[in-house]
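Have a look at the structure below before the remarks.
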Amino acid sequence: MAQTTGPELKKLSETKKLVLGTERNLKLIKKGSELKKVIIAKNCNPQTVKLIEKYSKIRGLELEVSTLTNEKLGTLCKKPFLVSVIGITQ
């Protein structure tokens, strides 16, 4: 799948198909539930990246390292905080 763009993220956030946050996404990845893709901000903590990569690989989830910072991802999702990890549900 191609790189997810800003307008695509905006559209997905309006349809409530995004899961925001490291802890929530890790929990869903470990459970093996409804996520189909995980997006990580380009300036995400390296330890978080390793952890998400590890569990995504185990579950066979698509993982994308965005070209956007966590600040820009938060803005695109219309949130007043930084967003380092975004999960896209099915």
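The values are calculated or read from the model by the stated rules, or taken from the named source; none is laboratory data. From a predicted model like this one, the values you see are computed outputs, not experimental measurements. A quick note on method: Cβ atoms are made from the backbone with ideal geometry, for glycine too, and the neighbour counts reach across all protein chains shown.
Kindly list, by first and then second residue, each pair from a residue in the stretch 49-62 that is farther than 11 Å from residue 32 by Cβ and modelled with pLDDT of 90 or more to a residue that is hydrophobic (A, V, I, L, M, F, W, C) and surrounded by fewer than 11 Cβ atoms within 10 Å (Cβ to Cβ), limited to pairs with Cβ atoms under 7 Å and residues at least 6 apart or on different chains.
62/1
Using beta carbons and a limit of 8 Å, which pairs, at least six apart or on different chains, have the first residue in the stretch 1-26 and under 18 Å from residue 56 (Cβ atoms) and the second one at pLDDT 80 or above and of a type in the set (D, E, K, R)?
The qualifying pairs are 1/37; 1/62; 1/64; 3/64; 4/37; 4/64; 20/79.
Which numbered condition trips up residue 82, out of (1) farther than 12 Å from residue 20 by Cβ; (2) surrounded by fewer than 18 Cβ atoms within 10 Å (Cβ to Cβ); (3) hydrophobic (A, V, I, L, M, F, W, C)?
It fails just one condition, (1).
Only one residue in 37, 72 is surrounded by 14 or more Cβ atoms within 10 Å (Cβ to Cβ), in contact with a strand residue (DSSP E or B) (Cβ under 6 Å, 6 or more places away or on another chain), basic (Lys, Arg) and not in a loop (DSSP other than H, G, I, E, B). Which one? Before the answer, list the steps.
On the way: 72 fails: in contact with a strand residue (DSSP E or B) (Cβ under 6 Å, 6 or more places away or on another chain).
Within the list 37, 72, the selection yields 37.
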